[in-house]
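**Q** I'd like to ask some things about the structure below.
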Amino acid sequence: MGDYLVDVTNYMAGLAALHTSLNHRPPANRHFFRGELEEFYNKLRSDVKFPCMILEGSEIDYEGQIYNLTKVRHCAFMIVDSIERMRDYEEIQERMSRCERIGEQIMGRIIREAGDSASGSPFSRLLISEMSAEYWHNEPQKYVAFRMRFTVKGNVQLCGEGIWSDEVTPDPPTPPEPPVEGAVLVSEAGRVLATEVGEFIGVE
């Protein structure tokens, strides 16, 4: 798995499927979505099972020298839950706490697998350098959310090798193998025993 947007998206969807409080199993149980929160609520709310994860798009910076660049990916995701009653602050805090707990558990798995090259994580060879979080509360739309942001850094090779046809040196052609001669093995008595390739011919 590489460090590209599709890799990050597939990985986060996989975490949403594995976490027992989310249990993302489309199409019946959709607990993972991509995009921004308002678009999610305006277009997809009828399909949502709560709680759910929303993965936002990444922002990327490149730091350092041209031939020794560091790729800096800024990621963000939200754990969103619904509330039943407006101004029921006990329910609101309980749902916020649940979102916070799930978000931290997701982040904990990301951190654990970031140090394991065999985990299949797109962050397995990258350094997690920053983390922050905030609560969201929208009473009219009756939802709360816990939004986590984190930054990962790693080396990037922009040029690559073997990808440009005008820079690839073709392998020299393999010379053909010489044909097998039609020689035979002959005994001292002059009898033919076999061809050179071991095929038994017979005895005179």
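**Q** For the stretch 59-188, give the percent of accessible area contributed by carbon and sulfur heavy atoms, probe 1.4 Å, rounded to a whole number. Show your work: numbers first, answer last.
**A** Working: 4390 of 8930 Å².
Result for the stretch 59-188: 49 percent of the exposed heavy-atom area is carbon or sulfur.
**Q** Beta carbons within 10 angstrom, averaged per residue: use that to sort the peptides 113-122, 161-170, highest first. Numbers along the way, then the final one.
**A** Details: 113-122: 15.8, 161-170: 7.6.
Highest to lowest by the protection proxy: 113-122, 161-170.
**Q** Highest mean first, how do 58-69, 15-26 rank when packing is the count of other Cβ atoms within 10 Å averaged over residues? Let's see the in-between values first.
**A** Values: 58-69: 11.2, 15-26: 16.2.
By packing density, highest mean first, the sequence is 15-26, 58-69.
**Q** Over the stretch 60-184, average the accessible area per residue using a 1.4 Å probe and give it in Å², no decimals. Numbers along the way, then the final one.
**A** Details: 8390 Å² over 125 residues.
Result: 67 Å² per residue.
**Q** With the Cα gyration tensor of the stretch 20-177 giving a ≥ b ≥ c as the square roots of its eigenvalues, does the rule (a/c under 1.5 for rounded; else a/b larger than b/c for prolate; else oblate) give rounded, prolate or oblate? Walk me through the numbers on the way to the answer.
**A** Values: a/c = 2.81, a/b = 2.28, b/c = 1.24.
Cα axes put the stretch 20-177 in the prolate bin.
**Q** Another question, then. Please work out whether the stretch 116-175 counts as rounded, prolate or oblate from its C-alpha gyration tensor, where a ≥ b ≥ c are the square roots of the eigenvalues and a/c under 1.5 means rounded, while otherwise a/b larger than b/c means prolate and anything else oblate?
**A** Working: a/c = 3.96, a/b = 3.10, b/c = 1.28.
Since a/c reaches 1.5 and a/b is larger than b/c, the shape of the stretch 116-175 is classed as prolate.
**Q** In percent, how large is the relative contact order of the stretch 1-139, given Cα pairs closer than 8 Å and 6 or more residues apart?
**A** Details: 166 pairs, mean separation 26.0, N = 139.
This gives 19 percent for the stretch 1-139.
The values are calculated or read from the model by the stated rules, or taken from the named source; none is laboratory data. Everything numeric in this text was worked out from a predicted model, so none of it was measured. Backbone-built Cβ (ideal geometry, glycine too); neighbour counts: all protein chains shown. When the accessible area is computed, the model is the full protein with side chains, heavy atoms only, and any ligands, DNA or RNA have been set aside. Shrake-Rupley method; radii C 1.70, N 1.55, O 1.52, S 1.80 Å.
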